[in-house]
Structure formats: structure tokens, C-alpha cells
Amino acid sequence: MSVPADADVALVAPPVSQDDALWRTARDLVRQAGQIDGPQLLGQLEGLAGSTAAAKRLLVRLRHCSEIKVLSGTDSPLYSWVEA
């Protein structure tokens, strides 16, 4: 498919959903901390997300994120930022 050079083409970025904004903020928390323990991170995420359930969903996403490594700490998991 070709588009004529004089055609008006509007590129519209999809709107940023609240979930996307929370996800970016969750990643930024770990990135800025460098390393943070699970309970502390959960507490911060609860404040951002508004509920424990939403915060736990973010923790699950963080565990599967290639930029974050989860280590077994003495009492709780440690979430560490690693450059992907």
C-alpha cells in the first residue's frame, strides 16, 4: 500500500491507560531504588495503585520483567534493577 506524498496523514499515539502509567511508575520505583525488599515495595505500590490486589498484580509483572531480577533475601524477596 502506498500513500501519496501530498496526503495528510495523522499519526495518533494510543492514549496512555492508568495501568500503563502504574506499570511505568512501578518500574521506576525499582530503578530509582536500585534494590528494594518485597514488603517495602508492596507498601509503596499499594499507595500508588489504591489496593493490595492491584499492588500484588504489579509485583507479579515486576517478577517477569527482564529489567528486574528477584533474589531471595533472608526474610523477603529483593527486587533489583538490572539494565536489559
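Report yes if some residue within segment 30-47 is of a type in the set (S, T, N, Q), surrounded by 12 or more Cβ atoms within 10 Å (Cβ to Cβ) and not in a helix (DSSP H, G or I); otherwise report no.
yes
Just the residues that are in contact with a Pro (Cβ under 8 Å, 6 or more places away or on another chain) and either surrounded by 14 or more Cβ atoms within 10 Å (Cβ to Cβ) or in contact (Cβ under 8 Å) with a residue 12 or more places away in the chain (or both), please, taken from segment 64-84. Can you show your working first?
So the first thing to find is which residues in segment 64-84 are in contact with a Pro (Cβ under 8 Å, 6 or more places away or on another chain), and the list is 70-71, 76.
Across segment 64-84, the qualifying residues are VAL70, SER76.
List every residue pair whose Cβ atoms lie under 8 Å apart, where the two residues are 6 or more positions apart in sequence or sit on different chains, the first residue falls within segment 25-48 and is free of Cβ contacts under 8 Å to residues at least 24 places away in the same chain and closer than 20 Å to GLY73 by Cα, and the second residue, located anywhere, is part of a helix (DSSP H, G or I) and of a type in the set (Gly, Ala, Ser).
These pairs meet every condition: LEU42/ALA55; LEU45/ALA26; LEU45/ALA54; LEU45/ALA55.
Picking from GLN18, GLN32, which residue would you name as being modelled with pLDDT of 95 or more, of a type in the set (S, T, N, Q) and out of contact with any Ser or Thr (no Cβ under 7 Å at 6 or more places or on another chain)?
GLN32
Quickly run through segment 46-84 and pick out the residues that are among the polar types (S, T, N, Q) and under 20 Å from ASP20 (Cα atoms).
SER51, THR52, SER66
Please enumerate the residues belonging to segment 34-45 that are aliphatic (A, V, I, L, M) and more than 11 Å from LEU22 (Cβ to Cβ).
The initial filter retains those residues of segment 34-45 that are aliphatic (A, V, I, L, M), namely 36, 41-42, 45.
Scanning segment 34-45 gives ILE36, LEU41, LEU42.
The values are calculated or read from the model by the stated rules, or taken from the named source; none is laboratory data. As the structure is a prediction and not an experimental result, all values here were calculated from the model. Cβ sites come from the backbone with ideal geometry, for glycine too, and all protein chains shown count toward neighbours.
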